[in-house]
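For reference, the structure discussed in these notes is given below.
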Amino acid sequence: MSRPRKVIVVGGGLGGLWAALRLAEAGFQVQIFSLFEVKRSHSVCAQGGINACFDSKGERDTIWQHIVDTLKGGAYLANQPPVKSMCEDAPGLIQTFERMGVTFSRTAEGLLDLRLFGGVKHRRTLFAGASTGQQLLYGVDQEVRRQESLGRLQKFEWWEFLSLGLNQQGACQGIIAMNLRTMEIKAFPSDAVILASGGMGQVYGHRSTNSTNSTGAAACRVYQQGAWLANTEFFQFHPTAMLGDDKTRLMSEAARGEGGRIWVPSDANDRRRPSQIPEPDRFYFLEEWYPSYGNTVPRDLASRAIWEVVHKLGLGVGGEAKVYLDLTHLNPGFIEQRLHAILDIYRKFHGTDPVHEPMEIYPSAHYAMGGLWVDFERDDTTGGIKHGSPRNHATNIPGLYACGECDYGYHGANRLGANSLLSASYSGRVAGESVANYLQGLQQGHPGSEDPIYSNEIKHQQELNHQLINNQGEENPYQLHRELGELMSSQVGVVRDNQTLNNAIESLRTLQQRSRNINLQEHNSWSNQGLAYARQLQEMIRLGEVIAASALHRDECRGAHYKPEFELKLPENASAGDPAYETYRSQWKAQNQNWLKTTIAKHTDWGPQVDYQAVDLSVLAPEEPRDYR
Amino acid sequence: MSDKIKFRIRRQDTPYSPTYWQTFQVPFREGLNVVSALMMIRQNPITADGLKVDPVAWEFNCMEEVCGACTMLINHRPMQACSTLVNTLQQPITLEPLSKFPVIRDLMVDRSRLFADLKRVRAWIEIDGAWDIHQGAPRISPEHWQDNYLYSRCMSCGSCLEACPQYAQDLPFVGAAALAAVRLMNNHPTGKYQRKQRLHAIMGEGGLSDCGNAQNCVQVCPKEIPLTTAIGELGRQTTKQLLKDLLGSG
């Protein structure tokens, strides 16, 4: 082999940087493509922490319990071998971060401190104040910069991924990308591509905690080239986000992990200031409904409970869609040290101090459990994944891999808090190692950049740009995005029903039509942000339809996907062994027979085609329904 | 507060075009920040005089002051546009691109030098590899952690460089951000193994001694990072290193 094989990584958040780092270390040529400087990726927004079993709090925590919590928290929908391996490798991954210099918070003895998070009973979450994602990303960013300085890696910042270069056998051999300054479209041949393009929260528009660049456009582009999207109906609504017209800002689950309480006035007409409402007049609904987990139930349950309190019981604060997240009973010095970053955000954007006055919060679109379908190879001797197998994190397009939030891997129907930084980092590392082995097995390298597989695609992309630039329609892309956000959050949100979903799909198709009739209002062809935005908008609308169609097909309640019409209710006052509970258990198992399967959406010209695939349940048989009461 | 907010925005179509000013008005609402106002302007790019113009280009991403993208001059002071509420500002609100970096378009600048300087000062810890070596780093006391954590929140926004009289496009000074990164790396229990290389990187031209001690950096840092403390500490570290170099004791 004359020169090392070349890999392109699209996206420079935790997943992408980890993958790039492992490949550069393994001696391959690596090119990272990012819409902006990689250090500004959305990973920095993760606040509360990252899970790994260290069992250093005298609670007899175990890796097995981390596996069980993750699988059950995800309502058994995740393939189990990858989850098992992720939880087993988590402590070693944390130690690697520590070696990179990540400033994890410490105990008095100088060890890694742990905090409590949702859906678990043991302290298992490592953290760096309340800016954990920022610190983890910076740790890997530094190591990537070191590789860059050694000439082993190259960054292409301010480039937007547009499409894959696929050869006649359908294998991925590079990308077509657009320079966001010159707007030039160019081909970058490579032997493999890793997509690490992050989440798609912007499909919910301004009603999301995601950064403005988390559009999901890159994932949607490869979807249209044949990659499958899995489980997209499972979209996490984070229970505690600040209200806002431009964005709903995340208030970490750590706030509850450290003792924060959620409540509303018991009387809907109570207009007193929160501090003047005495305890007996407050309704701590999570503590009442879920006495054993209380405020730290998993996110899907917390979001639904808030929805119910506001919309069914009519108890939203001041008659509006909001509830209190209260830290005022906690020691101010303690919370300042542990939660400074989020207190700061709240003070700056809301103007009041959470130390003295409860925060006002409401659920908001936060995390896509679903995403690009990726493979894994099970190791029957360990029950985990086969380390290094080139099948791990491979999409159904040969040579295209996916990791981080844009894949569907680890969280099933609902993600536990502090598992996202873990899955982003872990999956990036696995994908890097997997691609290294894929490349070693490759017989033939990519063609030259003049090959028609690139030039045809460049031409196609130029035509798409040309149409948008010259279109003199009436629609405003920014207005359409707002409409998309409203539509998705009101009709494909926390609570769903089939009639509404059918309407939503109709409305999304109308939006898609309208998005072709836009006017960019832009004459400057240099750094044309409107053009890039309009193209992303069309992808977001398309993703909206995939989410809505997948949701429409799934007639059950599972994790974040909630259709009351098909709800199996836990029998009140009954526990395992009681006849009522056992009847429930058998109904639940019957439901699993029908619905415990992965949704696969495939692109067709007339919309997404929805299929299903079996879930690998080889680690933990689904015998115990979720019950957090 | 009036119900209309007036913005004066300095514009530039390309890196090589002349600059010009335009005035825009947006309706006020409670909690309005500069990024949201710019979003309204891009949705409906009409000047206060009723002229249809190209939308204003600017950089932003997280909208919660943690990514460092939306730094610009707001009423002549470097600030994060997302966390700057308009009701705290005097009108008309002036928006300009950072002046210490090449302009890309309108309020967007090219801050790649900032990242290049992190390379120049070797702001990383040399690990054997990003694989599991079955142990972590040595213990760190909570006090030591607290000191380091302050520095680890630097988001490379460039505010400190904008405010620094010694930092300029044609001057070699690396500025406070890169120096603070050296301070952070040098104080890590294994990061200090490469302390000498990092100190040497800031002992030459454009390094620590180019700091004029104006102390502007620490006043504009949105994350309240004690930049001048870092520079003071590095002064002591480089003096010691210089002596060691002279005595040949490593």
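Within region B:47-67, work out how many residues are touching a Lys or Arg at 6+ places or on another chain (Cβ under 6 Å) and either small (Gly, Ala, Ser) or closer than 15 Å to B:GLY158 by Cα (or both).
Final tally of qualifying residues: 2.
May I ask you to list the residues in region B:135-148 that are within 7 Å of chain A (Cβ to nearest Cβ) and either open to solvent by 80 Å² or more (accessible area, probe 1.4 Å) or without any contact (Cβ under 8 Å) to a residue 12 or more places away in the chain (or both)?
Passing the criteria: B:GLN135, B:GLY136, B:ARG139, B:SER141, B:PRO142, B:TRP145.
Looking at region A:300-350 only, could you name the residues that are open to solvent by 60 Å² or more (accessible area, probe 1.4 Å) and closer than 13 Å to A:LEU286 by Cβ?
A:TRP307, A:GLU308
Conditions (1) outside any helix (DSSP H, G or I); (2) more than 14 Å from chain B (Cβ to nearest Cβ); (3) hydrophobic (A, V, I, L, M, F, W, C); (4) within 30 Å of B:GLN12 (Cβ to Cβ), marked per residue:
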| residue | (1), (2), (3), (4) |
| --- | --- |
| A:GLN512 | no, yes, no, no |
| A:LEU520 | yes, no, yes, yes |
| A:TYR533 | no, no, no, yes |
| A:ILE547 | no, yes, yes, no |
| A:ALA551 | no, yes, yes, no |
| A:ASN573 | yes, yes, no, no |
| A:GLY577 | yes, yes, no, no |
| A:GLN587 | no, yes, no, no |
| A:ASN592 | no, yes, no, no |
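Among the candidates A:ASN524, A:ASN519, single out the residue that is farther than 23 Å from A:ASN210 by Cα, open to solvent by 30 Å² or more (accessible area, probe 1.4 Å) and touching a strand residue (DSSP E or B) at 6+ places or on another chain (Cβ under 9 Å).
A:ASN519
Take region A:165-221 and flag every residue that is in a loop (DSSP other than H, G, I, E, B) and among the hydroxyl-bearing types (Ser, Thr, Tyr).
Within region A:165-221, the first condition is being in a loop (DSSP other than H, G, I, E, B), and the residues that meet it are A:167-171, A:180-184, A:190-191, A:196-200, A:205-207, A:209-216.
A:THR182, A:SER190, A:SER197, A:THR209, A:SER211, A:THR212, A:SER214, A:THR215 - these are the residues of region A:165-221 that are in a loop (DSSP other than H, G, I, E, B) and among the hydroxyl-bearing types (Ser, Thr, Tyr).
Looking for whichever is of a type outside the set (Ser, Thr, Tyr), under 30 Å from A:MET488 (Cβ atoms) and in a loop (DSSP other than H, G, I, E, B) here; the options are A:ASP353, A:ASP300, A:ASP344, A:ASP375. Which one fits?
Just one listed residue meets the conditions, A:ASP375.
Scan region A:594-624 for residues that are part of a loop (DSSP other than H, G, I, E, B) and under 23 Å from the mean Cα position of the chain (by Cα) and jot them down.
Once the filter is applied, which keeps residues that are part of a loop (DSSP other than H, G, I, E, B) and under 23 Å from the mean Cα position of the chain (by Cα), region A:594-624 yields A:LEU596, A:VAL615, A:ASP616, A:LEU617.
Look through A:TYR426, A:TYR438 and report the one residue that is modelled with pLDDT of 95 or more and within 30 Å of A:LEU116 (Cβ to Cβ).
Of the residues listed, the single one that is modelled with pLDDT of 95 or more and within 30 Å of A:LEU116 (Cβ to Cβ) is A:TYR426.
Would you point out the residue of region A:403-412, among those that are touching a helix residue (DSSP H, G or I) at 6+ places or on another chain (Cβ under 8 Å) and part of a loop (DSSP other than H, G, I, E, B), that is farthest from A:LEU14 (Cα to Cα)?
A:GLY412
So if I check each of A:GLN142, A:GLN173, A:GLN169, which one is of a type outside the set (Ser, Thr, Tyr), within 30 Å of B:CYS154 (Cα to Cα) and in contact (Cβ under 8 Å) with a residue 12 or more places away in the chain?
One residue alone meets the criteria, A:GLN142.
Among the listed residues A:ARG509, A:ARG496, which satisfies the condition of being under 30 Å from A:PHE566 (Cα atoms), surrounded by 18 or more Cβ atoms within 10 Å (Cβ to Cβ) and either outside the structural domain of A:TYR562 (by TED's automatic domain parsing) or charged (D, E, K, R) (or both)?
Going through A:ARG509, A:ARG496 in turn, the sole match is A:ARG496.
Identify, by number, the condition in (1) aromatic (Phe, Trp, Tyr); (2) at the interface with chain A (Cβ under 9 Å from one of its Cβ atoms); (3) closer than 22 Å to B:LEU171 by Cβ that B:PHE60 doesn't meet.
(3)
So if I check each of B:ALA69, B:ALA116, which one is open to solvent by 40 Å² or more (accessible area, probe 1.4 Å), at the interface with chain A (Cβ under 10 Å from one of its Cβ atoms), within 20 Å of the chain's Cα centre (by Cα) and not basic (Lys, Arg)?
B:ALA116
Name the single residue that is nearest to the chain's Cα centre (by Cα) among those in region B:39-66 being aliphatic (A, V, I, L, M) and in a helix (DSSP H, G or I). Before the answer, list the steps.
Within region B:39-66, the subset aliphatic (A, V, I, L, M) is B:39-41, B:46, B:48, B:51, B:53, B:56-57, B:63, B:66.
Next, from what is left, pick out any that are in a helix (DSSP H, G or I): B:39-41.
Numbers: B:MET39: 23, B:MET40: 26, B:ILE41: 25 Å.
Residue satisfying both the conditions and the ranking: B:MET39.
Which of the helices (runs of 4 or more DSSP H) contained wholly in region A:1-112 include at least 3 residues that are within 14 Å of chain B (Cβ to nearest Cβ)?
Correct list: A:14-25, A:80-100.
Among the residues of region B:199-235, count how many are out of contact with any strand residue (DSSP E or B) (no Cβ under 7 Å at 6 or more places or on another chain) and part of a loop (DSSP other than H, G, I, E, B).
Qualifying residue count, region B:199-235: 14.
Among the residues of region A:32-54, is any open to solvent by 10 Å² or more (accessible area, probe 1.4 Å) and more than 26 Å from A:LEU250 (Cβ to Cβ)?
Checked against the condition, which is being open to solvent by 10 Å² or more (accessible area, probe 1.4 Å) and more than 26 Å from A:LEU250 (Cβ to Cβ), region A:32-54 yields no hits at all.
Could you say which residue among A:SER455, A:SER449, A:SER420, A:SER434 is free of Cβ contacts under 8 Å to residues at least 60 places away in the same chain, among the polar types (S, T, N, Q) and either more than 14 Å from chain B (Cβ to nearest Cβ) or open to solvent by 50 Å² or more (accessible area, probe 1.4 Å) (or both)?
Result of the check over A:SER455, A:SER449, A:SER420, A:SER434: A:SER434.
Does any residue of region A:557-570 turn out to be modelled with pLDDT of 95 or more, buried (at least 20 other Cβ atoms within 10 Å of the Cβ), of a type in the set (A, V, I, L, M) and under 20 Å from the mean Cα position of the chain (by Cα)?
Yes, there is a match, as at least one residue in region A:557-570 is modelled with pLDDT of 95 or more, buried (at least 20 other Cβ atoms within 10 Å of the Cβ), of a type in the set (A, V, I, L, M) and under 20 Å from the mean Cα position of the chain (by Cα).
Which residues, counting only those in region A:591-607, are closer than 28 Å to A:ARG221 by Cβ and touching a Lys or Arg at 6+ places or on another chain (Cβ under 7 Å)?
Residues of region A:591-607 closer than 28 Å to A:ARG221 by Cβ: A:597-607.
Hit for region A:591-607 is A:THR599, nothing else.
Quickly run through region A:148-199 and pick out the residues that are of a type in the set (Asp, Glu) and in contact with an Asp or Glu (Cβ under 6 Å, 6 or more places away or on another chain).
A:GLU157
Tell me, please, whether a residue that is among the β-branched types (Val, Ile, Thr), in contact (Cβ under 8 Å) with a residue 60 or more places away in the chain and crowded, with 17+ Cβ neighbours inside 10 Å can be found in region B:73-85.
Checked region B:73-85: no residue is among the β-branched types (Val, Ile, Thr), in contact (Cβ under 8 Å) with a residue 60 or more places away in the chain and crowded, with 17+ Cβ neighbours inside 10 Å.
Under the condition of being away from every other protein chain (no Cβ under 11 Å) and basic (Lys, Arg), which residue from region A:237-262 is surrounded by the fewest Cβ atoms within 10 Å (Cβ to Cβ)?
Taking the candidates together, the pick is A:ARG261.
Being open to solvent by 20 Å² or more (accessible area, probe 1.4 Å) and touching a His at 6+ places or on another chain (Cβ under 6 Å) narrows it down to one residue among A:HIS356, A:HIS366; which is it?
When all the criteria are applied, what remains is A:HIS366.
Assess whether A:TYR478 counts as being open to solvent by less than 60 Å² (accessible area, probe 1.4 Å), of a type in the set (Ser, Thr, Tyr) and touching a Lys or Arg at 6+ places or on another chain (Cβ under 8 Å).
In short, yes.
Restricting to region B:23-61, count the residues that are polar (S, T, N, Q) and open to solvent by 30 Å² or more (accessible area, probe 1.4 Å).
The number of residues fulfilling the criteria is 4.
The values are calculated or read from the model by the stated rules, or taken from the named source; none is laboratory data. These figures come from a predicted structure and were not determined experimentally. Neighbour counts are summed over all protein chains in view; Cβ atoms, including those assigned to glycine, are modelled from backbone coordinates with ideal geometry. SASA here: full protein model, heavy atoms, side chains in, ligands and nucleic acids out. Shrake-Rupley method; radii C 1.70, N 1.55, O 1.52, S 1.80 Å.
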